1. Residue by residue through segment 9-29, note down the ones that are farther than 13 Å from Leu314 by Cα and under 25 Å from the mean Cα position of the chain (by Cα).
2. Which residue out of Leu144, Leu172, Leu155, Leu121 is under 25 Å from Leu238 (Cα atoms) and out of contact with any Leu (no Cβ under 7 Å at 6 or more places or on another chain)?
3. Which one of these is modelled with pLDDT of 95 or more and within 18 Å of Leu95 (Cα to Cα): Ala167, Ala171, Ala176, Ala148?
4. Among the residues that make up segment 292-307, is at least one of them without any contact (Cβ under 8 Å) to a residue 40 or more places away in the chain and surrounded by fewer than 20 Cβ atoms within 10 Å (Cβ to Cβ)?
5. Can you tell which of Ala17, Ala34, Ala94, Ala60 is farther than 30 Å from Leu144 by Cβ and surrounded by 24 or more Cβ atoms within 10 Å (Cβ to Cβ)?
6. Could you say which residue among Ala167, Ala149, Ala177, Ala187 is out of contact with any Leu (no Cβ under 8 Å at 6 or more places or on another chain), within 26 Å of Leu64 (Cβ to Cβ), of a type in the set (Gly, Ala, Ser) and touching a residue at least 12 places away in the same chain (Cβ under 8 Å)?
7. Going through segment 124-150 one residue at a time, which ones are among the small types (Gly, Ala, Ser) and either within 17 Å of Ile274 (Cβ to Cβ) or crowded, with 20+ Cβ neighbours inside 10 Å (or both)?
8. Return the residue satisfying two criteria in turn: it lies in segment 305-315 and is part of a helix (DSSP H, G or I) and not aliphatic (A, V, I, L, M), and of such residues it is farthest from the chain's Cα centre (by Cα).
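The values are calculated or read from the model by the stated rules, or taken from the named source; none is laboratory data. Given the structure is predicted, the values throughout are model-derived calculations rather than measurements. Neighbour counts are summed over all protein chains in view; Cβ atoms, including those assigned to glycine, are modelled from backbone coordinates with ideal geometry.
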Amino acid sequence: MIAARTVWPALIPFAAAVAALGLILAGLTLVGYAPGEVLATAWRGLAGSPLRLGIWAQEATPLLLTGLAAGLAFRCGVLNVGTEGQYLMGAVTALAVLLALPPSVLSPWLAALAGAGAGALWCALAYGLDRWRGVPLVLSAILLNVVAARVLGALVEGPLHDPTTAAPQSALVPEAARLGALLPGTALTLAAPLAVALAVASWLVQRQTALGFEFTVIGLNPVAGDLAGIPVESRRRLAALGSGALAGLAGAFQVAGVTWFLSGDAQSYGYAGIAVALLGRLHPLGMIPAALFFAGLDISGRQWERRLGIPHDLGDVAKGAAVALVLAAGFFRGRR
């Protein structure tokens, strides 16, 4: 009985992912696509060669980092839905540092620290509005997402603009200041193993330290935590700052090792990271396969559209279905 109670929650995300893919395959079969061909196309795009595996890991890295950011906050009862803005502020701050500093092997790591700091400060702003001005954190964080997007647009069209083009984009990061690729032909950098290490470290803190226990207690029942002598407010503040730092770090690594520039409509992974955290049931290690699942759907969606004519948005449908199934399973399990 104890083993079943331990194993079953870990199987819920896996079952949800399989069920979501099954629904997609069933729908495609009804409109005339062969399931075997659909799966084979996805497999070749994901794992057909070491190069494809490297690209898969590369695309999962920012999803994992933003998922860890959301999970850290949610486990402590801090509803930080502002990871989108924190990611963008981390990215644009890192870019500014990379363009300002003399290129060197230390440049990307200094930029990563600056990006993490910018993400933490952006989350601190939302937390401060909630704590001292009575603006609900969910509302302030969402509004600051919009502000961050506007700040990014103003900077790439102003101080960071590339003078060689009229397009709203920044200058390129010098090659000597970029994170080097671990696998030739990809943008897979040291950010990938570092993200996995951060997931493992987060799990160890959660399981083996008093701080992790306090975060869990506060997330489950802050009143009980307060009565037990846990400094609830300071722990929530720490969780918020750590969450913003992880989201900002994701943006910094993306600029330093993958895109090397920013445009006015730069892709962000903040909202997707929240979905990764939910699919992983806020477990740091569960977010690793969740990030791979989401990245795999993105890559597979592009392959399906290119080779089979299937709209790539179908991958987003599968993501939504998987998260909805996990939430529904959690609800019914809680009712039981």
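1. Selection gives Pro9, Ala10, Leu11, Ile12, Pro13, Phe14, Ala15, Ala16, Ala17, Val18, Ala19.
2. Only one candidate passes the filter, namely Leu121.
3. So the residue among Ala167, Ala171, Ala176, Ala148 that is modelled with pLDDT of 95 or more and within 18 Å of Leu95 (Cα to Cα) is Ala148.
4. Checked against the condition, which is being without any contact (Cβ under 8 Å) to a residue 40 or more places away in the chain and surrounded by fewer than 20 Cβ atoms within 10 Å (Cβ to Cβ), segment 292-307 yields at least one hit.
5. Ala17
6. The conditions single out Ala187.
7. Selection gives Ala126, Ser140, Ala141, Ala148, Ala149.
8. Only one residue fits best here, namely Arg307.
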